[in-house]
1. Of the accessible area of the chain, with the probe set at 1.4 angstrom, what percent is carbon plus sulfur?
2. Relative contact order for the chain: what percent, with Cα pairs under 8 Å and sequence separation of 6 or more?
3. For a protection proxy built on the mean count of beta-carbon atoms within 10 angstrom, sort 26-39, 6-19, 49-62 highest first, please.
4. Here are several values of semi-axes √(5λ) of the Cα gyration tensor in Å: [x] 37, 27, 15; [y] 19, 17, 13; [z] 22, 15, 13. Which one was derived from the coordinates shown?
5. List the residues of region 1-21 whose backbone N lies under 17 Å from a point placed 7 Å from the Cα of V53 along the Cα-to-Cβ direction.
6. What FRET efficiency do you get for I68 and L9 if R0 is 35 Å and r is their Cβ-Cβ distance, rounded to the nearest 0.05?
7. Please give the charge dipole size of the chain, origin at the Cα centre, charges +1 on K and R Cβ atoms and -1 on D and E Cβ atoms. Round to the nearest 20 debye.
Amino acid sequence: MGSLAVEFLDASTTCEEFPGENMLSGDPRSHGWRSAENCDYPQEIILRVAEGVARVETLEIVGHECMIPRQIDIYTTK
């Protein structure tokens, strides 16, 4: 099974140098997304599967070794 097309829709905050769109680039040189400094938590990121309804079996979340989230909650909807 191949990768799904996913769209970035929104994030609670974003750092200008590291916008939310970066998290889906797939480019190893990308620096990803970062929340704004001193922001409120929790942060929310909204993504949409571009192909409508899909069965997601694996979700890969990669974080920087110095910026490891304490908790990640994942919600889905139809």
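1. 49
2. 32
3. Those peptides, ordered most packed to least, come out 6-19, 26-39, 49-62.
4. So the structure-derived entry is [z].
5. Of the residues in region 1-21, none has backbone N under 17 Å from the label point off V53.
6. Efficiency, from the Cβ-Cβ distance: 0.90.
7. About 260 debye.
The values are calculated or read from the model by the stated rules, or taken from the named source; none is laboratory data. A quick note: this is a predicted structure, and the numbers were derived from the prediction, not measured. Virtual Cβ from ideal backbone geometry, glycine too; neighbours counted across all protein chains shown. Quick note on the areas: whole protein, heavy atoms, side chains included, nothing else; ligands and nucleic acids left out. Shrake-Rupley method; radii C 1.70, N 1.55, O 1.52, S 1.80 Å.
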